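The values are calculated or read from the model by the stated rules, or taken from the named source; none is laboratory data. On a predicted model such as this, the values are computed, not experimentally measured, just so you know. Neighbour counts are summed over all protein chains in view; Cβ atoms, including those assigned to glycine, are modelled from backbone coordinates with ideal geometry.
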């Protein structure tokens, strides 16, 4: 393998998975990004991080980007002599915004790009999705991060797959981030092993309706974001998030727990729902400290930018 002299630069978006009833299947890419510069060096491993997650510098080979790069290089059949990473992070970590999926996608794409044509031959786009999803544990955040827009992810006996849909141009996500993060593993531990058949049926209907509401007619979006599988069970682990979500929904704002939480995502639509300022006002009255940010939808997904 002849490694390039120049670095590659990968930009990955934050993502919000589930979106209410789309548990472990739906994802939305958000206009908030991490940037990763990666290059092959003669020896060793150098990691420099700015922004979010500076403390992860000391993880060395256990750093998620490095692990993803190693897995991708193994898929190609070549490991470089050394790696240098420069990470500029803006995605909050531990809040249900796909930071882990973003790190994995950045690592896999960076490794593929560094391997040139050989990398593209051994890591086609569907292979990248499957590898990244297996590293992350599920495909919802990974699919949205890779493809951008609104995605549906599912698994088959031969690997993970995804479909990409174009959300309404009037859809404006508003992110409410609390002060304290919550580990995804902790949020999953509170979920029951089974749910009532009626809840599963209600959830299937809401998930189908949500696809229509996000892409064609936003009128039923409040009903479409109602969940029966996971949010009620997680409320005790994130009571402030549950209260804010309930307050927003009582005001007619389609609001959900973002991924495993504890961030809350409000899905506002011009002319249909209350707007970002209303979301901020409700959050300010909640009695807790929230960072409220109106975001665009990232409609492009992860990209490798020229250096």
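Which of (1) within 30 Å of residue 174 (Cβ to Cβ); (2) in a helix (DSSP H, G or I) is the odd one out, the single condition residue 61 does not satisfy?
Residue 61 satisfies every listed condition except (1).
Would you please name the residue that is surrounded by the fewest Cβ atoms within 10 Å (Cβ to Cβ), looking only at residues in region 73-98 that are under 27 Å from residue 295 (Cα atoms) and touching a helix residue (DSSP H, G or I) at 6+ places or on another chain (Cβ under 6 Å)?
93
Given the criteria at negative phi, in contact with a helix residue (DSSP H, G or I) (Cβ under 7 Å, 6 or more places away or on another chain) and surrounded by fewer than 23 Cβ atoms within 10 Å (Cβ to Cβ), does residue 237 qualify?
Against the criterion (at negative phi, in contact with a helix residue (DSSP H, G or I) (Cβ under 7 Å, 6 or more places away or on another chain) and surrounded by fewer than 23 Cβ atoms within 10 Å (Cβ to Cβ)), residue 237 qualifies.
Counting only residues that are in contact with a helix residue (DSSP H, G or I) (Cβ under 6 Å, 6 or more places away or on another chain) and at pLDDT below 95, which one in region 272-303 is farthest from residue 34 (Cα to Cα)?
286
Suppose the filter is within 30 Å of residue 213 (Cα to Cα), within 15 Å of the chain's Cα centre (by Cα), outside the structural domain of residue 199 (by TED's automatic domain parsing) and surrounded by fewer than 17 Cβ atoms within 10 Å (Cβ to Cβ); does residue 101 pass it?
When the stated conditions are applied, residue 101 does not pass them.
Kindly indicate whether any position in region 51-58 is in contact with a strand residue (DSSP E or B) (Cβ under 8 Å, 6 or more places away or on another chain), surrounded by 19 or more Cβ atoms within 10 Å (Cβ to Cβ) and not in a strand (DSSP E or B).
Yes: region 51-58 contains one or more residues that are in contact with a strand residue (DSSP E or B) (Cβ under 8 Å, 6 or more places away or on another chain), surrounded by 19 or more Cβ atoms within 10 Å (Cβ to Cβ) and not in a strand (DSSP E or B).
Output the number of the condition that residue 163 fails; it satisfies all remaining conditions of (1) surrounded by fewer than 13 Cβ atoms within 10 Å (Cβ to Cβ); (2) in contact (Cβ under 8 Å) with a residue 40 or more places away in the chain; (3) out of contact with any helix residue (DSSP H, G or I) (no Cβ under 8 Å at 6 or more places or on another chain).
Of everything listed in (1) surrounded by fewer than 13 Cβ atoms within 10 Å (Cβ to Cβ); (2) in contact (Cβ under 8 Å) with a residue 40 or more places away in the chain; (3) out of contact with any helix residue (DSSP H, G or I) (no Cβ under 8 Å at 6 or more places or on another chain), residue 163 misses just condition (2).
Condition (residue is farther than 30 Å from residue 203 by Cβ, surrounded by fewer than 19 Cβ atoms within 10 Å (Cβ to Cβ), more than 16 Å from the chain's Cα centre (by Cα) and free of Cβ contacts under 8 Å to residues at least 40 places away in the same chain) applied to region 30-41: is it met by at least one residue?
Checking region 30-41: not a single residue is farther than 30 Å from residue 203 by Cβ, surrounded by fewer than 19 Cβ atoms within 10 Å (Cβ to Cβ), more than 16 Å from the chain's Cα centre (by Cα) and free of Cβ contacts under 8 Å to residues at least 40 places away in the same chain.
Out of curiosity, is residue 176 assigned by TED's automatic domain parsing to the domain that holds residue 222 and touching a residue at least 60 places away in the same chain (Cβ under 8 Å)?
Here the answer is yes, as residue 176 does meet what is asked.
(1) within 15 Å of the chain's Cα centre (by Cα); (2) at pLDDT 95 or above; (3) not in a helix (DSSP H, G or I): which one isn't true of residue 161, the others all being true?
Just one mismatch for residue 161, condition (1).
Looking only at helices (runs of 4 or more DSSP H) that fall completely inside region 199-271, which ones have 1 or more residues that are outside the structural domain of residue 94 (by TED's automatic domain parsing), more than 20 Å from the chain's Cα centre (by Cα) and modelled with pLDDT of 95 or more?
221-224, 239-250
Taking the conditions exactly as written (buried (at least 19 other Cβ atoms within 10 Å of the Cβ) and at pLDDT 95 or above), does residue 68 satisfy them or not?
Yes: the conditions hold for residue 68.
Quick one: how many residues across region 171-198 are part of a strand (DSSP E or B), touching a helix residue (DSSP H, G or I) at 6+ places or on another chain (Cβ under 8 Å) and under 19 Å from residue 242 (Cα atoms)?
Result for region 171-198: 2.
Here's the yes/no breakdown for (1) buried (at least 22 other Cβ atoms within 10 Å of the Cβ); (2) within 24 Å of the chain's Cα centre (by Cα); (3) closer than 15 Å to residue 10 by Cα; (4) assigned by TED's automatic domain parsing to the domain that holds residue 185:
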{"site": "109", "(1), (2), (3), (4)": "yes, yes, yes, no"}
{"site": "113", "(1), (2), (3), (4)": "no, yes, yes, no"}
{"site": "116", "(1), (2), (3), (4)": "no, no, yes, no"}
{"site": "124", "(1), (2), (3), (4)": "no, yes, no, no"}
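Go through 117, 78 for me and flag whichever is under 21 Å from residue 6 (Cβ atoms) and free of Cβ contacts under 8 Å to residues at least 60 places away in the same chain.
Within the list 117, 78, the selection yields 117.
Taking the options 180, 190, name whichever one is surrounded by fewer than 21 Cβ atoms within 10 Å (Cβ to Cβ) and more than 20 Å from the chain's Cα centre (by Cα).
190
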